[in-house]
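Let me begin by presenting the structure, written as structure tokens, before commenting on it.
The values are calculated or read from the model by the stated rules, or taken from the named source; none is laboratory data. Because the structure is a prediction, the values reported are computed rather than measured. When we count neighbours, we look across all protein chains shown, and the Cβ atoms used for this are built from the backbone with ideal geometry, even at glycine. These accessible areas exclude ligands, DNA and RNA; they are computed on the full protein's heavy atoms, side chains included. Shrake-Rupley method; radii C 1.70, N 1.55, O 1.52, S 1.80 Å.
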Amino acid sequence: ITTLVAPSPAMAADIDTLITRLQSAHRDATSTASAASYQSSMQSDGCYGDVDYADTARTSWRPSRHLSRLKALAAAYTKSGHALHQSATTLDALRRGLDCWYQKAPTSSNWWHNEIGKQLSLGPIGVLLETHLGQARKQKIINDLQSAVASKYTGQNRVWIAQNVVLRGCLERKTTGIDAGLAAIKSTVVVSSAEGIQADHSFHQHGPMLYNAGYGLAFISDTSRWAHYTRNTQFAFSVQAVDILLGLLLEGDRWMVRGKMFDYSADGREIARPGQSASALVGAARRLADVAPARATELEALATHIEGKTAAPVMGNRHFWRGDLMTHHRPGYYASVKLASNRTYGTECINQENLKGNWLPFGLTYIARRGDEYRDIFPLWDWTHLPGVTNPATTSCPKAGYAKPSFAGGVSDGKHGVAAMALDAEQTTGKKAWFFFDNELVALGAAISSSHGTAVTTTLNQS
């Protein structure tokens, strides 16, 4: 005989608070501008004629459009003042849309879409429409949300799976599920040499690979959300965990930002995706300001800078020794240099992304004043001539752990810095060094030699 113990009144109240905050956040964060057209274009069977449900692509998986549209409809249905608010026709469309999804049962050849991607829409749909779907449809969503977090998941992948566990716990009104999911999220908010937050406030994913602007941006966005959702409840993050998140954002991410530019050297293969920016840090900063009001002034300064309203909030030089990145801030400009050593992976090429990025970590140097100098420039780049890099005129698809300089490093006094590397790749060797002063960036090269047979050049800038 199994005895089910109901949550205490205080715990039940905290669960209600958490669900209310989740509903409000997902409703406010979801664009409903096209919701009416999504409703009118839906077929009688709940499917969409322009969605290929048989597609199994690893990236740009077409069936995900179906769930994005249902999420927009769910937000519109629950948004006071929207034309579709509490519309019986909209609710019928949502039910038919879910029936279509589960009847078609699309799958991707990329595990991420099957275990994380679709749940990022299904979970919010379930929370928004918790009492409107009927038990059978609600249970199908619950079954798609994991009940536990496997130990194989690390870093941001662990956070994504863990929040599915929390949402399942909310839909089932089970304290154990909520606790388990939040414990898994909190377990990632640590400083270590494994994937995740590093001692220098850089962020690693897929091994020792700098990813503050890619996976790390999703990480600070999501963990700050859960710290914000759970504030002043029994589920709240510890003071120590909040301090670690503040360190990642203020001592790491903030030093890699100029305006809306989040240094692309911290973007991994996601440099291949359009629209990359630091904008998501605005929400993270303001959420953490609510959680840690003592740091609110610094956090708001970062947010307003990214919004283009104020000057850069930091001045000086910082070397991220775990990430092999040096960043340099002055009132008039920002500059950085990305290295790769035998301690780190420089960049990666998977899922058909970053197919020409082999030279990205070999001294690539960004120079920005406003922060929009390189925005979406990458399809037009000459990938054989990347700024700051000395290399033969070749491109290739980089792999995690591919050939890297045997030596690279940097030193900073907080105001000025020097970064250096011994180039040894593609039959090409040389000594490279970058010196960062107040109004000067001095780049030196010596003993450059190559037996590659292709012209070797050093590129100064390309923006």
* Structure fact -> One finds the C-alpha centres of the stretch 351-417 and the stretch 287-309 to be spaced, in Å, by 30 Å
* Nearest 0.05, what FRET efficiency do Ala183 and Ala400 give at R0 = 25 Å with Cβ-Cβ as r? -> 0.30
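Please compute the per residue accessible area over the stretch 226-277 with all protein chains in place, 1.4 Å probe, rounded to a whole number of Å². Please report the intermediate quantities before stating the final value.
Values: 1620 Å² over 52 residues.
Each residue of the stretch 226-277 exposes 31 Å² on average to a 1.4 Å probe.
So if we plug the beta-carbon distance of Thr304 and Ala136 into 1/(1 + (r/R0)^6) with R0 = 45 Å, what FRET efficiency do we get, rounded to 0.05? Numbers along the way, then the final one.
Numbers: r = 48 Å, r/R0 = 1.06.
For R0 = 45 Å, the calculated efficiency reads 0.40.
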* Structure fact -> Taking Cα atoms only, helix 88-104 is inclined relative to the longest principal axis of the chain by an angle, in degrees rounded to 10, of 70 degrees
* Ignoring everything but the protein chains, give the 1.4 Å probe accessible area of Trp101 in square angstrom, nearest 10. => 0 Å²
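At 222 nm, what value in deg cm²/dmol follows for the chain if DSSP H runs of at least 4 each add -39500 (n - 2.57) and the sum is divided by all its residues, to the nearest 500? Numbers along the way, then the final one.
Values: 12 runs with 156 residues, N = 463.
Theoretical 222 nm ellipticity from helices: -10500 deg cm²/dmol.
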* To do: Collect residues whose amide H, placed 1.01 Å from N in the peptide plane, falls under 5 Å from the amide H of Phe407; neighbours closer than 5 in sequence don't count.
  => Ala422
* Asked: What's the percent breakdown of Cα-Cα distances in the stretch 189-283 across 5 Å bins, shortest bin first?
  -> 3, 14, 25, 24, 18, 10, 4, 1, 0
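Taking all protein chains in place and a 1.4 Å probe, what share, in percent, of the accessible surface of the chain do carbon and sulfur account for? All intermediate terms of the calculation are to be shown ahead of the outcome.
Details: 10040 of 19030 Å².
The computed percentage sits at 53.
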* Given a cut-off of 30 Å, name the pairs among Lys260/Lys356; Lys356/Lys431; Lys152/Lys260; Lys118/Lys404; Lys71/Lys309 whose C-alpha atoms lie farther apart than that in the structure shown. => Lys152/Lys260; Lys118/Lys404; Lys71/Lys309
* Keeping all protein chains in place, calculate the accessible area per residue for the stretch 284-337 (probe 1.4 angstrom), answer in Å². => 37 Å²
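What is the extension gain from Asn143 to Thr176, computed as 0.36 nm multiplied by their sequence separation minus the C-alpha to C-alpha distance, in nm to one decimal?
Details: separation 33, 0.36 × 33 = 11.88 nm, distance 1.63 nm.
Full extension of this stretch gives 10.2 nm more.
Could you work out the Rg to Rh ratio of the stretch 357-411, with Rh taken as the Kirkwood radius (inverse of the mean 1/r over all Cα pairs)?
My calculation puts Rg/Rh at 0.98.
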* Asked: What accessible area, in Å² to the nearest ten, does a 1.4 Å probe give for Thr154?
  -> 60 Å²
* **Per residue solvent-accessible surface (Å²) - the stretch 4-104, probe of 1.4 Å** => 49 Å²
